[in-house]
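Working notes for the structure below.
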Amino acid sequence: MTDRFPPPPANGCANTPVLKERGQHEVFCGLTGIIWLHRKMQDAFFLVVGSRTCAHLLQSAAGVMIFAEPRFATAVLEETDLAGLADAQTELDRVVRDLLARRPDIKQLFLVGSCPSEVIKLDLATAAERMSAEFAPHVRVLNYSGSGIETTFTQGEDACLAAMVPVLPKTDARELLVVGALPDVVEEQARGLLGDMGICPIRWLPETDRLSEVGIGANTVFALTQPFLTETHDALIRRGARPLHAPFPFGEEGTTAWLSAIAREFGVPQETFQAVTERPRARARKAVAQASEALNGRSVFFFPDSQLEIPLARFLTRECGMTALEVGAPFIHRAVMTPDLELLAEGPVIAEGQDVDRQLDRCRAAAPDLTVCGLGLANPLEAEGLTTKWAIELVFSPVHFYEQAGDLAGLFSRPLRRRSLLRVEAAE
Amino acid sequence: MKLTVWTYEGPPHVGAMRVATAMKGLHYVLHAPQGDTYADLLFTMIERRNHRPPVTYTTFQARDLGSDTAYLFKDACQAAYDRFKPQAMIVGASCTAELIQDDPAGLSETMGLPVPVIPLELPSYQRKENYGADETFYRIVRALAKPMARTTHVTANLIGPTALGFRHRDDITEVTALLADMGIGVNVVAPYGASPENIARMGAAHFNVLMYPETAEAAARWMEKELDQPFTKTVPIGVGATRDFVAEVAQITGLAPALDEDRLRLPWYSASVDSTYLTGKRVFLFGDGTHVAAAARIARDEMGFEVVGLGCYNREQARLIRTVAKDFGVPALITDDYLEVERAIEDAAPEMILGTQMERHIGKRLGIPCAVISAPVHVQDFPARYSPQMGIEGANVIFDTWVHPLVMGLEEHLLTMFREDFEFHDEAGASHHGGKAKVRVAVADVEGPAPQTPRDISGPKKQGAETTIEVVWLPAAERELKKIPFFVRGKARRNTESFATERGVSEISVDTLYEAKAHYAR
């Protein structure tokens, strides 16, 4: 089904020794996921139990304060809360009661653990149970940790979805469950493609509202749309569901491989698959070809950030003609990453974890044409003469499936085009 | 436990970062978990700094907590010294590391690093960003500055400017010029641009210019006591304050006051007839204490505005702001609760907000123009052009900045003249408000400029007048009210209602409306 692509490399990166790094990590913590999760889950409120730092992070990561009262907030721990723990639980009850009284539209509340709440071992699981009993059936209260000591950036979404899995109802229906909070436009496209192949019903985790949630069980088959959803993956398996492993749906090739894994599972005839995918594939190919002109023959270096690095390196090397020099990921989950690693030709350093100063040394030595990194590093590297793509945009923009494949390539090519356009030297 | 939606200040270690990032040759080792590195982007993105902040984060993880996080700190400290070779280091803990009590101060002391290592104790669960900056700068000065011979010529240190400060970069240039006019040189600017070696030379100055009490008052007081250096109490923001500042410097140094006002335009621009429309504009002020106190004086004495409310988010300046508020006859709002600020603004229904980036968002929602006068900052607060707040040029910049969001004099008259014109109606809005105008007008159609949702904004005032009379607008009066331009309609409605209430009138007719208008005419 991936006939239009070069054959998989004889030696992919699946068995490449991984450079494991310890040291300063230049990444966000899992709380950041709240920024997009609260937009997707429209009846949910995310209450971080943490410090002023947590509140400041959310505000800084959100960039602008579009909402007067967003559906997230921080219960900031104070000196008095740290003195005695029983007190902190009572305080939390008070804060949540006030909050729910003020926001009757809220149907599910997530108590989100942070570094300080984890360190003082504030038991949010018990708190969530207690509150669920108090506010049921109107409000469901769940907890997860988005702390930096346990989660890296996108792992916050993973922890959130994994916390929902145990409370989903049980079903024996043979159903497809697609996992990952994607922008509505992208989700609609995927539903359209799968629906046209005759796959019905299509369930999604998370749903936009709690009431449309569905059951899972031994006959559920699920496909991840995001490579960072590994805890959710394992939690679904524990509920008896079966995963479909495939390359992630980025670019024409990734999307086709991902869809075809589902089509095979549900016995979609080859001609139906061709008929449904042919035109969008052609569009994707054309768009990627245009957008990747500036990328062809260039090299790329990935700092670890969103966990999308390996699938994106596969897309850039196989569809956009780039060479990967180093692909760093915060962590590598073998079962989930293997299909993409197999397609990534050997050559790049595959790194897990980070020691940012040493990685910067390697990056400068490698002198890549394009460096994909977080916001803390981008401007300093630009000032050194490197061209960068800030990674957070890859998480905040619609980039999955056929119709976004050209946009995805465009996100990488724009910094290169921009550098070639500017005819003015910096004064310093 | 305090429920917080948006915050005006970060945690205290971010204040320490503002000091470290402003300096050269100093490195900060911060005992902190993964994720606290988000603070780097404040400097690299908002301020567009072309270097990473000089901060090493130890990045401990959950699995480290059971074993030993102290060695992580020592390793990070040694690695940072070896790589960056700083002249001095500061060490401390972020909020989480404070809880695991590894004692960065004690650990670093045992390491025998060949440079001064200055420990910071910043209580994350009690204090905030400004305190963190103030305390950090104080600790650095205290550790490195020594009494020494004064410079032959009269010189001053400029203290307080930090990274991520509101217009600090340009204020330094302006204050340096003010002093140069009096023949006073600058010994050291700190922390902005200073190295630890520069800090060690601070004792050579004859006095200190305390530019921002928020970030350097503790250091100023210490230097006054230990280095015998007086410091200036006037912050030269605005024409009057700049003149007072020059007088204060003259008094401290014994030099003749001198101020070159050739380029000063605010007084004439304010006096020129186009500015008549600024008269009595109702403004609400909120920000850090220093900038709000300065802005209040400018608003009343130099722009002819009416200050209808003011406050600050940093409790350290509460006393100052209470004094100013008393002078202006308005209540002082001392809070860092964003929603409380929004409610206060909604109640005061000002015609303009002078606030922070946070109030700019409040203004957008309520349809009230807003000019930014204070941190917390946004990428917009680091313009490419020279744009100080202090001194002569600062006053010019402030005039332009404050006038810009308002409907201009002639425009206002045209809007009044053609108010029911088929294409110049309320919904068309003022041209330079762009896309925002639509929202504002849709709201204004219902209730006047202030509230976002239909709601009687005069409610609290009626209770205040100790009366139970429900004031009702008769249909004809309501229609007449609609003919009043949208940007003054809220005020007209409110004035008419209080006029009616005071006289025990329960139904507002067209006559009541115009009687009230005559009563409030100015």
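The values are calculated or read from the model by the stated rules, or taken from the named source; none is laboratory data. Because the structure is predicted, anything quoted here is derived from the model rather than measured. Positions of Cβ are backbone-derived with ideal geometry, glycine not excepted, and every protein chain shown enters the neighbour counts. Protein only, heavy atoms only, side chains kept; ligands, DNA and RNA dropped before computing areas. Shrake-Rupley method; radii C 1.70, N 1.55, O 1.52, S 1.80 Å.
Under 1.5 on a/c is rounded, so check that first for chain A, then, if it is not, pick prolate when a/b is larger than b/c and oblate when it is not; a ≥ b ≥ c are the square roots of the alpha carbon gyration tensor eigenvalues.
Cα axes put chain A in the oblate bin.
Please build a GNM for chain A, connecting alpha carbons under 10 Å apart, and tell me which residue among A:Pro137, A:Pro280, A:Pro166 fluctuates the most.
Between A:Pro137, A:Pro280, A:Pro166, it is A:Pro137 that shows the largest mean-square fluctuation.
Probe 1.4 Å, all protein chains in place: accessible area of B:Met352 in Å², nearest 10?
The value for B:Met352 is about 0 Å².
Which stretch or stretches of the stretch A:139-156 have amide N atoms under 18 Å from the point lying 7 Å from B:Arg63's Cα along the Cα→Cβ direction?
A:147-153, A:155-156
Provide the gained length on full extension for the span A:Asp105 to A:Arg264, in nm with one decimal, where the gain is 0.36 nm per separating residue minus the Cα-Cα distance.
Between A:Asp105 and A:Arg264, full extension yields an extra 53.1 nm.
So if I restrict to the alpha-carbon atoms in chain B, what is the Rg, and what is Dmax, the biggest pairwise distance, in Å?
In Å, with Rg to one decimal and Dmax whole: 26.3, 84.
Roughly how much of A:Glu187 is accessible, in Å² to the nearest 10, using a 1.4 Å probe?
20
Between rounded, prolate and oblate, where does the stretch B:1-67 land on the alpha carbon gyration tensor, with a ≥ b ≥ c its root eigenvalues, rounded for a/c under 1.5, else prolate if a/b exceeds b/c?
Since a/c reaches 1.5 but b/c is at least a/b, the shape of the stretch B:1-67 is classed as oblate.
Roll a 1.4 Å probe over the protein chains and send me the accessible area per residue for the stretch B:88-212 in Å².
Roughly 33 Å² per residue, with all protein chains present.
Please give the residues of the stretch A:300-317, grouped as numeric ranges, whose backbone N is less than 13 Å from a label point set 7 Å along the Cα-to-Cβ vector of A:Phe5.
Zone members listed by number: A:311-317.
Before anything else, pin down the relative contact order of chain A: Cα pairs under 8 Å, at least 6 apart, normalised by residue count, whole percent.
19 percent.
Have a look at the DSSP beta bridges in chain A and tell me what percent are antiparallel, nearest 5.
Looking only at bridges with both residues in chain A, the antiparallel portion is about 5 percent.
Show B:Arg49, A:Arg414 ordered by accessible area, largest first, where the area counts protein heavy atoms only and the probe is 1.4 Å.
Greatest to least solvent exposure: A:Arg414, B:Arg49.
Among the lysines, which fall within straight-line cross-link reach of B:Lys2, defined as a Cα-Cα distance under 20 Å, with same-chain neighbours fewer than 8 residues apart omitted?
A:Lys121, B:Lys128
Using the basic label-point model (7 angstrom from Cα toward the beta carbon), what is the A:Arg362 to B:Arg315 distance in nanometres?
Here the answer is 4.7 nm between the modelled labels.
Using only the heavy atoms of the protein chains and a 1.4 Å probe, how would A:His245, A:His38, B:His404 rank by accessible area, largest first?
In descending accessible area the options line up as B:His404, A:His245, A:His38.
Once each part is reduced to its C-alpha centroid, what is the distance from the stretch A:115-170 to the stretch A:1-33 in angstrom?
28
Return the value, in Å² to the nearest 100, of accessible area buried between chains A and B (probe 1.4 Å, both sides summed).
Roughly 5300 Å².
Given a Förster radius of 56 Å and the C-beta distance between B:Ala521 and B:Glu226 as r, what FRET efficiency does 1/(1 + (r/R0)^6) yield to the nearest 0.05?
After rounding, the FRET efficiency stands at 0.40.
Using a/c under 1.5 as the rounded threshold, could you call the stretch B:336-398 rounded, prolate or oblate? The axes a ≥ b ≥ c are square roots of the C-alpha gyration tensor eigenvalues, and prolate needs a/b larger than b/c, oblate otherwise.
Taking the square roots of the gyration eigenvalues as a ≥ b ≥ c, the stretch B:336-398 is prolate.
Where both residues lie in the protein assembly as shown, what percent of DSSP beta bridges are antiparallel, nearest 5?
5
Along Cα→Cβ, 7 Å out, is where each label goes; now give me the distance between the ones at B:Lys24 and A:Ile237 in nm to one decimal.
Computed distance between label sites B:Lys24 and A:Ile237 equals 5.5 nm.
What residues qualify as long-range amide H neighbours of B:Ile508, i.e. H under 5 Å apart, gap of 5 or more or another chain, H built at 1.01 Å from N?
B:Val472, B:Trp473, B:Leu474
Using only the heavy atoms of the protein chains and a 1.4 Å probe, how would B:Trp473, B:Trp6 rank by accessible area, largest first?
In descending accessible area the options line up as B:Trp473, B:Trp6.
Subtracting the Cα-Cα distance from 0.36 nm times the residue separation, let me have the gained length for A:Thr272 to A:Leu421 in nm, one decimal.
Gain on extension, A:Thr272 to A:Leu421, equals 49.2 nm.
Starting from the Cα of B:Ala247, step 7 Å along the direction of its Cβ; do the same at B:Asn50; then give the gap between the two resulting points in nm.
Modelled inter-label distance: 4.4 nm.
Would you grab the residues whose amide H sits under 5 Å from the one on A:Asn143? Only those 5+ places off in sequence or on another chain, please, with H modelled 1.01 Å from N.
A:Leu111
How many partner chain Cβ atoms sit within 10 Å of a residue's Cβ in peptide A:11-24, on average, as a whole number?
2
Pull up all non-local amide H partners of A:Thr220: gap of 5 or more, or a different chain, and H-to-H distance under 5 Å with H placed in the peptide plane.
Those lying under 5 Å, H to H, from A:Thr220 are A:Glu175, A:Arg242.
Using a probe radius of 1.4 Å on heavy atoms only, what accessible surface per residue do you get for the stretch A:134-186? Whole Å² is fine.
Each residue of the stretch A:134-186 exposes 32 Å² on average to a 1.4 Å probe.
If you take the beta carbon distance between B:Arg263 and B:Ala384 as r and set R0 to 25 Å, what does 1/(1 + (r/R0)^6) give as a FRET efficiency, to the nearest 0.05?
Result of the calculation: an efficiency of 0.80.
Can you tell me the FRET efficiency between B:Gln78 and B:Arg142 if r is taken as the Cβ-Cβ distance and R0 is 35 Å, rounded to the nearest 0.05?
0.90
To make sure I understand the rule: partners must be lysines, Cα under 17 Å from the Cα of B:Lys24, and not fewer than 8 residues away in the same chain. Which ones qualify?
Filter leaves B:Lys85.
So what is the relative contact order of the stretch B:60-129, in percent, for Cα pairs below 8 Å that sit 6 or more residues apart?
Across the stretch B:60-129, relative contact order equals 36 percent.
Report the residue, chosen from A:Gly321, A:Gly50, A:Gly297, that carries the largest GNM mean-square fluctuation when chain A is represented by alpha-carbon nodes joined by springs under 10 Å.
Result for chain A, Cα springs under 10 Å: A:Gly297 fluctuates most.
If the cut-off is 28 Å between C-alpha atoms, which lysines fall inside it for B:Lys281, apart from same-chain ones fewer than 8 positions away?
B:Lys326, B:Lys364, B:Lys436, B:Lys438, B:Lys461, B:Lys462, B:Lys482, B:Lys483, B:Lys491, B:Lys517
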